[in-house]
Amino acid sequence: MTNTSDTGKAPRALYELDEHEAAALARLADRYADDLPAIQRRDLVRVPAVVHAVIRHQARRLLPSFLLVPPAEEPEDRAEDVADALSLLEAAHEDLDGLEAALLLAARQPGTRTGKPLLTFRQIAAAIGAESEQAAQGRYRRKVGNLNGSDSGNDGTP
């Protein structure tokens, strides 16, 4: 998957961060490692998880009255973290697009027992909130590529 948006930037490979984004991700991963123990246990730090940690911190700062247990100390303002997280949103979108494509592809792969796709387009539509099987097929085409004969929806699955 590559970025095909009309932002004027050249397309880049999935998960590839430029120098600024990589530095921002490293800063945020270091700062929020205590909030996200998964960061400490894994070699790969997912952009959406780190962005989520920043959002959680900002929510604690901005909405203290909604917390069930007030924080021991007032969370500090971290403008640079918010800027870094914003700079990573495009990478987060690409990361999630790649995950969606992989899941859609997996959904249409033949099962080992039945030889039929794991999910029908009707089931995919329900899972992704699409209005119809045709909408799910269109999303599959955009994310994965053209449908082949077994992905035409005429696979004998309900």
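A few notes on this one:
- Failed item in (1) in contact with a helix residue (DSSP H, G or I) (Cβ under 6 Å, 6 or more places away or on another chain); (2) modelled with pLDDT of 80 or more, with residue 45 passing the rest: (2)
- Cβ-Cβ under 8 Å pairs, at least 6 apart or on other chains, segment 43-57 side at negative phi, far side modelled with pLDDT of 75 or more and of a type in the set (Asp, Glu): 46/95; 47/95; 48/95; 54/81; 54/84; 57/81
- Filter result (surrounded by 18 or more Cβ atoms within 10 Å (Cβ to Cβ) and either modelled with pLDDT of 85 or more or not in a helix (DSSP H, G or I) (or both)) within segment 93-106: 94, 101, 104
- Restricting segment 1-25 to residues that are aliphatic (A, V, I, L, M) and over 18 Å from residue 79 (Cβ atoms), the residue that is modelled with the highest pLDDT: 22
The values are calculated or read from the model by the stated rules, or taken from the named source; none is laboratory data. Since we're looking at a predicted model, the values are computed, not measured. No Cβ is skipped: glycine too gets one built from the backbone with ideal geometry, and neighbour counts run over all protein chains shown.
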